[in-house]
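Below you'll find the structure, written out as structure tokens, and then a few comments.
The values are calculated or read from the model by the stated rules, or taken from the named source; none is laboratory data. Source: prediction; values computed, not measured. Every residue, glycine as well, gets a Cβ built from its backbone with ideal geometry; the counts of neighbours run over all protein chains shown. Just the protein is used for accessible areas: all its heavy atoms, side chains included, with ligands, DNA and RNA removed. Shrake-Rupley method; radii C 1.70, N 1.55, O 1.52, S 1.80 Å.
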Amino acid sequence: MVTNFDFLKRNDKALYDIINDAEKLYRGEFFEQCMTQTRRFGEVVCKKVLGSRRTTEVTFDAMLATLKDCTLGSSEEAKEFVDDLYFLKKHGNDATHSVTVKQDGMEALECLQRAFEIALNFCVYSCNEDRRILKLRYDTELLVTGKKPRKTLSEKYTEEAEKLNKKNSSKKESKTTRPKSQYCSVKSQPQSKKKPYFWYFVGISGIVSVLILLILAIL
């Protein structure tokens, strides 16, 4: 089964087995046990990173304090690394010693995500792994299904963004398109030809009037 921590397997198999169990617990919805397992993962990482600098420190808290002192003035990544370890310690302790059962899937998921960042930094700075793995992102779909998706989250996001842009552009086009002019042809009815009776009457009256004037002129 593919996991988010496959890159860790080739660098430290023991650490991989611990965090792989944490992901299995999450898939089974054993969220408190998952957080306890991520705490265990953080403690083992802390022990490995300290190496020979660890002397009398026995507890996780004591080892973290020593590691924090060692990273004072270091890079921002080193500080975030220690902060992530503290996060796993706190939430792991809360889950282990809590009186009531609190099935908080989001809290367990954040523990796994922090463990993922810790694993990346551990591989790069303690195992000389290629720095390009720092670009990896935790895949929640892979966590839940245990199967590597055909498309990455970034590819899915790009596809959805393109679909949304096409949808918005088509809406704009439909609003800006001018409605087609509607033509309706109306055939004019031919006017019926009427005889000009009025003009006939005018013409005859005029001739009669001229004749009358001529007769009066002769008399």
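Remarks
- Protein accessible area in region 1-56, 1.4 Å probe - carbon and sulfur %: 48
- Residue 80 accessible area, assembled protein chains, probe 1.4 Å, Å²: 100
- Computed label-point distance, nm, for sites residue 30 and residue 98 using a 7 Å Cα→Cβ extension: 1.6
- What the Cβ-Cβ distance of residue 165 and residue 145 gives, at R0 = 41 Å and to the nearest 0.05, is a FRET efficiency of 0.90.
- Under 11 Å from a label point set 7 Å out along the Cα-to-Cβ vector of residue 71, the amide N atoms of region 103-129 belong to 118-119, 121-122.
- Solvent-accessible surface of region 3-86, taken per residue with a 1.4 Å probe and all protein chains present: 50 Å².
- Calculated FRET value between residue 83 and residue 132, using beta carbons and R₀ = 25 Å, to 0.05: 0.60
- Counting 0.36 nm for each residue step from residue 110 to residue 17 and taking away their Cα separation leaves a gain of 31.6 nm.
- For region 1-122, the average shadow cast by the Cα convex hull is 7.7 nm², which is a quarter of the hull's surface.
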